[in-house]
Every structure is written in structure tokens, then in C-alpha cells.
Amino acid sequence: MRRGGQVTLRAAQADDGAAVRGMVEGLSRESRYFRFLTGGRVADGIVEGLVSAGADGVALVVTAADADGDAEAVIANGQFVVTSRGTAEFAVLVADAWQGQGLGRRLIARLLQLAQAAGVRCMRGDVLSENRRMLAILRGLGFSCRRNPEDSYLHEATLALGVAAANLATRMPADWATAR
Ligand SMILES: CC(C)(COP(=O)(O)OP(=O)(O)OC[C@H]1O[C@@H](n2cnc3c(N)ncnc32)[C@H](O)[C@@H]1OP(=O)(O)O)[C@@H](O)C(=O)NCCC(=O)NCCS
């Protein structure tokens, strides 16, 4: 990580549910709102969805040793779900204490790489218009981000993965591919 330390990026498993719930419970109000559009408790079904992305999708977690160093805490999560032929919907979440160290960008880049390998042709996501950080990251990765004409609070971000394949390597730091 930029501030030192090592984390692990891996496929999510069903028994990560409790650790993911722990991360969600610890989120700031803003992060919770940006990811789940609520400042309140996130429903169990939604948390379960963070670790399972259906047959064609992918769910990832990033883990780090907890404060005592004797257990792994989940510090980030990302997934894409295939919604229709060739199109997948994605979302990511980084715990507040770990934001701003390049993790979110790497997570999205890894999702793009896995989606492409799975034959997904278009990646899309809805982002709150006030979520400047997420929009800046996505634009930097080549996404087109347009205000939703029917809902000015939302931007729709889309990326054709053929374009991603050509440009991703030049848009990422040299070590991005090591985040497996
Ligand atoms: C959005 C999110 C996933 C980004 O992950 P992250 O690890 O914090 O972001 P990164 O460190 O990879 O990237 C930060 C980049 O955003 C840019 N950035 C940070 N704050 C910004 C702001 N207010 N406006 C514009 N750009 C900003 C930085 O310049 C940085 O770029 P750099 O690495 O070139 O310096 C994370 O902050 C998060 O989980 N937020 C809450 C939930 C959320 O918004 N999820 C997305 C829902 S669609």
C-alpha cells in the first residue's frame, strides 16, 4: 500500500459474510450513502450480495491483518453481476481508513480484467453525481460518465471492454497487475 503494509485481494467466499458486515457497520455515513444510498442499516440481503455475484459474475474482497494481527479483516469489496448478454453491472467499496491509497482504482481495474476474461463486453455502473472521487477514478480508467437525464443525482458510467484492453495498461501504475 502507498502508506506501507500489505493486503490480499482474493475471490469472496460465502463465509466472508460476517467480516463484510463488519466492514459495512464501520463505514462513515458518507461512504455508506455513496455505496448503498442510505445512511442507515444496510439490509442483510444486500450484504449477502456483496460476497456472491451469481454464476457469471465475480465478487472480490481485500483483506488485511486486524489491529491485533491475529485475524484478517475485510477492508474492501467489489463485484460485477452480468445483467444481460455481454453487459455487467459493477460496484466497489473501500473502508474509510483505507481510502485514498490506490485500492479502489486497483479493484476496479482487476474487475475489468476479470470481466473481459469472462467475455463481458460492456461494464456499467450508477454513481451518485456528488461522488467526485469515484467519477474521477472511472474517467481516468477510460469510462464515459454521463449525468442520467431522468435523475440528476446519478451519473451512468460505461466502458466498452475492447477499449479497456487497449488502454488499461497505460492508465494504471506499473504495479497494478500484481494486485491478484
Ligand atoms: C470511491 C472509492 C471506491 C475509491 O477508492 P479509493 O481507494 O479511496 O480511491 P483510490 O485511492 O484508488 O483513488 C483515489 C483517486 O481519486 C482522486 N480523488 C480523491 N478525492 C477526490 C475528489 N474529491 N475529487 C476528485 N478526485 C478525487 C485522487 O486524486 C486519487 O487519484 P490519484 O491516485 O491519482 O491521486 C472509495 O473511496 C469508496 O469506497 N468510497 C465510498 C463508497 C463509494 O463511493 N463506492 C462507489 C460507489 S459507485
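The values are calculated or read from the model by the stated rules, or taken from the named source; none is laboratory data. For clarity, every value in this text was computed on a predicted model and none was experimentally measured. All Cβ positions, even for glycine, are placed from backbone atoms using ideal geometry, and neighbour counts span all protein chains on display.
What are the pairs with Cβ atoms under 8 angstrom where one residue, in segment 128-142, is farther than 9 Å from L154 by Cα and of a type in the set (G, A, S) and the other, located anywhere, is in a helix (DSSP H, G or I) and more than 7 Å from the ligand (Cβ to nearest atom)? Sequence gap at least six, or different chains.
Sorted first by the residue in segment 128-142, then by its partner, the pairs are G140/R171; G142/V163; G142/A164; G142/N167; G142/L168; G142/R171.
Within the set of pairs 6+ apart or on separate chains, which have a first residue in segment 102-123 that is basic (K, R), a second that is away from the ligand (no atom under 16 Å from the Cβ), and C-beta atoms under 6 Å apart?
That search, which allows pairs on different chains as well, returns R121/G86; R121/L161.
Determine which single condition V42 fails, assuming it passes every other condition in (1) closer than 29 Å to A118 by Cα; (2) at pLDDT 90 or above.
(1)
Name the one entry in S129, S144 that is under 25 Å from T38 (Cα atoms) and polar (S, T, N, Q).
None of the others qualify; the one that does is S129.
Would you tally the residues in segment 48-96 being farther than 26 Å from Q116 by Cβ, in a helix (DSSP H, G or I) and modelled with pLDDT under 95?
Total satisfying the criteria: 1.
Being within 12 Å of the ligand (Cβ to nearest atom), crowded, with 18+ Cβ neighbours inside 10 Å, within 15 Å of the chain's Cα centre (by Cα) and of a type in the set (G, A, S): is that true of A76 here?
The answer is yes for A76.
Would you mind finding the one in R105, R110, R32, R121 that is surrounded by fewer than 19 Cβ atoms within 10 Å (Cβ to Cβ) and among the charged types (D, E, K, R)?
Going through R105, R110, R32, R121 in turn, the sole match is R121.
Conditions (1) crowded, with 19+ Cβ neighbours inside 10 Å; (2) more than 27 Å from T8 (Cα to Cα); (3) at pLDDT 90 or above, marked per residue:
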{"residue": "Q116", "(1), (2), (3)": "no, no, yes"}
{"residue": "L138", "(1), (2), (3)": "yes, no, yes"}
{"residue": "P149", "(1), (2), (3)": "no, yes, yes"}
{"residue": "N167", "(1), (2), (3)": "no, no, no"}
{"residue": "T170", "(1), (2), (3)": "no, no, no"}
{"residue": "W176", "(1), (2), (3)": "no, no, no"}
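Working carefully through the options A67, A11, find the one that is within 15 Å of the chain's Cα centre (by Cα) and surrounded by fewer than 17 Cβ atoms within 10 Å (Cβ to Cβ).
So the residue among A67, A11 that is within 15 Å of the chain's Cα centre (by Cα) and surrounded by fewer than 17 Cβ atoms within 10 Å (Cβ to Cβ) is A11.
Against the definition (surrounded by 17 or more Cβ atoms within 10 Å (Cβ to Cβ) and of a type in the set (A, V, I, L, M, F, W, C)), how does M1 come out, yes or no?
So M1 fails the test.
Assuming G86 fulfils every condition listed in (1) free of Cβ contacts under 8 Å to residues at least 40 places away in the same chain; (2) away from the ligand (no atom under 15 Å from the Cβ); (3) surrounded by 20 or more Cβ atoms within 10 Å (Cβ to Cβ); (4) not acidic (D, E) apart from one, which condition is it?
That leaves (3) as the condition not met.
What residue, among those in segment 64-90 that are touching a Lys or Arg at 6+ places or on another chain (Cβ under 7 Å) and not charged (D, E, K, R), is farthest from I108 (Cα to Cα)?
Filtering first and then ranking leaves G86.
Only one of (1) within 20 Å of M134 (Cα to Cα); (2) more than 15 Å from the ligand (Cβ to nearest atom); (3) among the aliphatic types (A, V, I, L, M) fails for A18. Which number is that?
Tallying (1) within 20 Å of M134 (Cα to Cα); (2) more than 15 Å from the ligand (Cβ to nearest atom); (3) among the aliphatic types (A, V, I, L, M), A18 fails exactly one: (1).
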